[in-house]
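One structure below.
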Amino acid sequence: MASWVASVREGLARAGDHEPRFIGARDARRCVSLADAVALVRDGVLWEGTGRVAVPEARRLLLRLSLPGGDPGLAAMAKCCVVPELGVAGYRFVGSIGGEDPVRYVHIVSLEQRRLLATIDEHLTYLLRIAALAVVAAAHTVPVARPTVGMVGAGRLARAVLEGLIEAGAVGKIVVASRQPASRDGLVRTLRDRGFEHAYTARDVRDAAAQADFLVTATTASAPILSSGWVKPGATVYGLGAAAELPEDLLVRAERGPVRLVVSNWRECAERADIRRLIAAGRLGNADVDAELWEIIAGTKPAREHAGEIVCLRAPGSVALDVLLGAWVCARQAMLL
């Protein structure tokens, strides 16, 4: 049993003695440190991979609706899972209007009491979860202790990941590339202002890829933003974007050369736009995946078989990780009552 489980169970039991709570984003974030999140995410990846989290076959409900009168479109997504070891079910709802992100909640429900324990605004803990997963991914797929991190993108996800890697002491140097020079320069300036002196701007994506031991793509691009030939031998490429920002020759076995394809969870990744399109075309399947991240963490498969191999990692995370963080927050808040 993971070291944090007993204290979370105790807190969840105490939460059941009170009325359901709404926990705002800032209060939720104060309940969990990066170190806490890294432990939860690492164990969550293992739990889901070994069947210790129950996720329905239909992993998500997605709604897209164009509103009348030319108003911005509406999008909503719901997911759920059950975590028997904590005695909870979690339901996650994300909604947006016109591409904005006004709603992001996770609901934690007691299986024993059959009632809601807490509703958590996860705008900030979601970013923390993304950062924690990047820290876990780097620890298990990058052979350099303090790697050069290349970041392609300069938005919220990029900033969260870089700040997490810095806090974890898992980076020696950062190079940032972005389509918008102002956002790229602003991110580098922010990192330096916060005390990390080894942050630099890259000339372009190719420059960042050539330097990076851990190349992270966190963009909204709908077409590939790099070429596999730009990637440093032995590096890890970590695709965070929701669309097709990675080139197909990092994904399709017949085209990818000395590249090992690793996914956080095949069922989750198979729903992503880039992977789904390749599956539909018959060019990619589960058999083409060299390892899932949980297998590397557990030591049953290697990240790479020789030093020069590139690891292409598609790890968007899952509802299980969000629910574990939600359960932690719910338990910690209950201990303060």
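We did not get these values from a lab; they are worked out from the coordinates using the rules stated. For clarity, every value in this text was computed on a predicted model and none was experimentally measured. With ideal geometry, Cβ positions are generated from the backbone for all residues, glycine too; neighbour counts draw on all protein chains shown.
A DSSP coil position with no more than 15 other Cβ atoms inside 10 Å describes the following trypsin sites (Lys or Arg not before Pro) in segment 268-298: ARG283.
For segment 209-221, 3J(HN,Hα) computed residue by residue from phi via the Karplus equation (6.51, -1.76, 1.60; θ = phi - 60°) reads 5, 5, 8, 7, 7, 10, 9, 10, 10, 9, 10, 9, 4 Hz, glycine and proline entered as x. Once the gyration tensor of the Cα atoms in the chain is diagonalised, the equivalent ellipsoid follows with semi-axes of 32, 22, 22 Å, ordered largest first. For GluC sites (Glu not before Pro), the sites in segment 66-142 that DSSP calls loop and that have at most 11 other Cβ atoms within 10 Å are GLU100, GLU112.
When segment 131-317 is described by a simple charge dipole with +1 on each Lys and Arg Cβ and -1 on each Asp and Glu Cβ, the residue from ALA244, ALA202, CYS312 located farthest towards its positive end is ALA202. Could you name the aspartates and glutamates whose alpha carbon sits less than 18 Å from that of LYS232, not counting residues in the same chain fewer than 8 places away? Cα-Cα hits under 18 Å: ASP204, ASP207, ASP213, GLU245, GLU248, ASP249, GLU255, GLU305, GLU309. What number comes out for the charge environment of ARG52, summing +1 per Lys or Arg and -1 per Asp or Glu over other residues with Cβ under 13 Å away? Computed value for this residue: -3. Principal axis extents of the Cα atoms in segment 131-317, from largest to smallest and rounded to whole angstrom, are 47, 33, 26.
P(r) for segment 4-113, from all Cα pairs and a bin width of 5 Å, is 2, 9, 15, 20, 20, 15, 9, 5, 3, 1, 0 %, short bins first.
Inverting the pair-averaged 1/r between distinct Cα atoms of segment 176-244 gives 12.8 Å as its Kirkwood hydrodynamic radius. When only Cα pairs below 8 angstrom with a gap of at least 6 residues are kept, the chain shows a relative contact order of 20 percent. Backbone phi angles across segment 236-242, fed through the Karplus curve with coefficients 6.51, -1.76 and 1.60 (θ = phi - 60°), yield HN-Hα couplings of 10, 9, 10, x, 9, x, 7 Hz in residue order; Gly and Pro are listed as x. Taking a ≥ b ≥ c as the square roots of the eigenvalues of the Cα gyration tensor, an a/c ratio of 1.5 or more together with a/b no larger than b/c marks segment 76-177 as oblate. Applied to segment 47-53, the Karplus parametrisation 6.51 cos²θ - 1.76 cosθ + 1.60 on θ = phi - 60° returns per-residue 3J(HN,Hα) values of 4, 5, x, 9, x, 8, 10 Hz, with x for Gly and Pro.
Using a Gaussian network model of the chain in which every pair of alpha carbons under 10 angstrom is joined by a spring, one finds that among PRO143, PRO258, PRO84 the greatest mean-square fluctuation is at PRO84.
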